[in-house]
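Student: Here's a structure for you.
The values are calculated or read from the model by the stated rules, or taken from the named source; none is laboratory data. Keep in mind that what you see is a predicted model, and the values were worked out from it rather than measured. All Cβ positions, glycine included, derive from the backbone under ideal geometry; neighbour counts span all protein chains shown.
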Amino acid sequence: MKTSAQSPFEIGVVGLGVMGSNLALNLVEHGFPVIGLDRNVPKADAFRETAHRLRADIAADGTTEIAAFISKLRRPRVVLLLLPAGPAVDTMIEQLLPHLQRQDILIDGGNSHFSDTDRRMMQLAKSCVQFVGMGISGGESGARHGPSLMPGGSKAAWERMRPMLEAIAARVGNDPCVARLGRNAAGHYVKMVHNGIEYGLMQLIAESYDLMKRGLGLTPEKMQAVFAEWARGEMSGFLIEITADILTRRDPENGGYLVDKILDAARQKGTGMWTSQEAMAQQVPVPVIDAAVSMRGLSDYKEQRVEASRRFGDTERRNDVNPDVLLAHLGRALYGAMILTYAQGLHLLHRGGRERHYGIPLGDVARVWRGGCIIRAKLLEDLRAAYARNPKLDNPIFDETLAAHLTACADGLRQMVQFAARAGVPAPGFMAALSYHDAWRSAVLPANLIQAQRDYFGAHKVERVDRPGVYHIAWTDDDKGNENSH
């Protein structure tokens, strides 16, 4: 590979903030000449200098000029955008487009909504420029040392990008955590659902912490030990691991526990909400994710919650339980709820991907998520194996191995929901997980009554179990003579 300063650069990175600069340095470290573009001169200079210190034998440059940036790229050009989702992406596309040529590839590596990605693909196709939406997970550290990468788009674009993306992605064994995940905006669709699952898992972990702290009165050291034990077992994963690290971290200012000094109001950027909205549009139930989105919103009402605690009373520790028994139940409950959260997200990917003709390979999704990303977990090996057994699996809960895990966890989940209700500790994620599991187990649901109600007040008609067709029933004397069927 050519490395002189005059040689064409293999890839250009637009936006040299935290994610952009770290991905660019990751590329340089793996031997790919990179040119960066940023309006901020110090950022462009800092990238150039850091890259040269990292690998003096690999060409690296930074500029603030679009024309110079484009002119130095090897054709067909590959340009990676690391910009805030929304208007900033459209503005940059408008600025780059006059300089691009047929078959050049423009990659959006931000958290764009999949509908925007589909729109941009159609727009750029008119100029024969290939547009790729690519989800990236792993944060700052992942970008620098190996993220999980979720590109969609054409096969031709994938083959051009593939050597670079496979080189910089996280690896599980020798397997890079990147794959082409379908047509059109499939990459951003998968990343949206990834973020929804992330919301759900974080909510369940936070509820576990709350049940231990307020429900059982455990010390930070004891809670840390529980999470550390879980991180060594079947619940092993990034979010469990960092929770164990967080719980006993001391505040350098006064020596108290740092987590206790953090305001209990969790912000959100909207990607979890997008998952809930898309699930509703596709009529796919994702109640754990929905609960997580709702609880982030409720957490923001701090003043009102303080007032309500004065009016209604706050939670008190229960002393009539055996903590060791409850912790055993909690471990099973959390594992079962985690399975159900992944299952909800993957069910949405199956149905939504099919409806939108994305052709998402769910086995590859599970494989790509195993390393480098926020939701990486040991459980994903079981999910990958489930799709290997049945690539057309609608919902992972119907896989025999995962179903057996859920059966083993069901009593723990039920016990913890009961404990939370008695203790007055909010646990909507666990409650939603249990209700979801129980609903799927129910051969009969009370939706027959809902059908009857809708027909009663709105003549929406009902379906019967004893004969085919749809019917309006005369529920009142005034409705006599209006019965009909077809």
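Student: Considering the stretch 337-394 alone, what residues qualify as being assigned to a helix (DSSP H, G or I) and acidic (Asp, Glu)?
Tutor: 355, 364, 381, 382 - these are the residues of the stretch 337-394 that are assigned to a helix (DSSP H, G or I) and acidic (Asp, Glu).
Student: Find the residue count for the stretch 252-287, including only residues that are more than 24 Å from the chain's Cα centre (by Cα), surrounded by 14 or more Cβ atoms within 10 Å (Cβ to Cβ) and not in a helix (DSSP H, G or I).
Tutor: 1
Student: Looking at the stretch 67-113 only, could you name the residues that are more than 20 Å from residue 126 (Cβ to Cβ), assigned to a helix (DSSP H, G or I), hydrophobic (A, V, I, L, M, F, W, C) and under 33 Å from the mean Cα position of the chain (by Cα)?
Tutor: 69, 88
Student: Pairs only if they're at least six apart or on different chains, beta carbon under 8 angstrom, first in the stretch 213-239 and outside the structural domain of residue 339 (by TED's automatic domain parsing) and within 17 Å of residue 339 (Cα to Cα), second acidic (Asp, Glu) and in a helix (DSSP H, G or I); list them, first residue then second.
Tutor: Pairs that qualify, where the first residue is outside the structural domain of residue 339 (by TED's automatic domain parsing) and within 17 Å of residue 339 (Cα to Cα) and the partner is acidic (Asp, Glu) and in a helix (DSSP H, G or I): there are none.
Student: Might you let me know whether the stretch 30-38 holds any residue that is under 33 Å from the mean Cα position of the chain (by Cα), touching a residue at least 12 places away in the same chain (Cβ under 8 Å) and farther than 22 Å from residue 147 by Cβ?
Tutor: So far as the stretch 30-38 goes, no, none of its residues is under 33 Å from the mean Cα position of the chain (by Cα), touching a residue at least 12 places away in the same chain (Cβ under 8 Å) and farther than 22 Å from residue 147 by Cβ.
Student: Now a separate question. Name the single residue that is farthest from residue 337 (Cα to Cα) among those in the stretch 374-398 being crowded, with 21+ Cβ neighbours inside 10 Å and of a type outside the set (A, V, I, L, M).
Tutor: Going through the qualifying residues, I end up with 387.
Student: For the stretch 144-163, check the following and say yes or no: at least one residue is in a helix (DSSP H, G or I) and crowded, with 24+ Cβ neighbours inside 10 Å.
Tutor: There is no residue in the stretch 144-163 that is in a helix (DSSP H, G or I) and crowded, with 24+ Cβ neighbours inside 10 Å.
Student: Only one of (1) part of a loop (DSSP other than H, G, I, E, B); (2) exposed (fewer than 14 other Cβ atoms within 10 Å of the Cβ) fails for residue 58. Which number is that?
Tutor: Just one mismatch for residue 58, condition (2).
Student: May I ask you to list the residues in the stretch 288-328 that are within 17 Å of residue 425 (Cα to Cα), assigned to a helix (DSSP H, G or I) and in contact (Cβ under 8 Å) with a residue 40 or more places away in the chain?
Tutor: Once the filter is applied, which keeps residues that are within 17 Å of residue 425 (Cα to Cα), assigned to a helix (DSSP H, G or I) and in contact (Cβ under 8 Å) with a residue 40 or more places away in the chain, the stretch 288-328 yields 288, 291, 292, 294, 295, 296, 323, 326, 327.
Student: A further question follows. Go through the residues of the stretch 116-137 one by one and say whether even a single one is closer than 23 Å to residue 380 by Cα, modelled with pLDDT of 95 or more and out of contact with any Phe, Trp or Tyr (no Cβ under 9 Å at 6 or more places or on another chain).
Tutor: There is at least one residue in the stretch 116-137 that is closer than 23 Å to residue 380 by Cα, modelled with pLDDT of 95 or more and out of contact with any Phe, Trp or Tyr (no Cβ under 9 Å at 6 or more places or on another chain).
Student: For the stretch 455-463, does any single residue satisfy the condition of being among the hydrophobic types (A, V, I, L, M, F, W, C), within 28 Å of residue 418 (Cβ to Cβ) and assigned to a helix (DSSP H, G or I)?
Tutor: Taking every residue of the stretch 455-463 in turn, none turns out to be among the hydrophobic types (A, V, I, L, M, F, W, C), within 28 Å of residue 418 (Cβ to Cβ) and assigned to a helix (DSSP H, G or I).
Residues checked against (1) under 16 Å from residue 34 (Cβ atoms); (2) loosely packed, with under 14 Cβ neighbours inside 10 Å; (3) hydrophobic (A, V, I, L, M, F, W, C):
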residue: 69; (1), (2), (3): yes, no, yes
residue: 74; (1), (2), (3): yes, no, no
residue: 80; (1), (2), (3): yes, no, yes
residue: 85; (1), (2), (3): no, no, yes
residue: 89; (1), (2), (3): no, no, yes
residue: 94; (1), (2), (3): no, yes, no
residue: 99; (1), (2), (3): no, no, no
residue: 102; (1), (2), (3): no, yes, no
residue: 105; (1), (2), (3): yes, no, yes
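Student: Given the structure, is residue 47 in a loop (DSSP other than H, G, I, E, B) and either of a type in the set (Gly, Ala, Ser) or surrounded by 13 or more Cβ atoms within 10 Å (Cβ to Cβ) (or both)?
Tutor: No, not satisfied.
Student: Next up: Among the residues of the stretch 371-391, are any touching a His at 6+ places or on another chain (Cβ under 9 Å) and farther than 20 Å from residue 344 by Cα?
Tutor: yes
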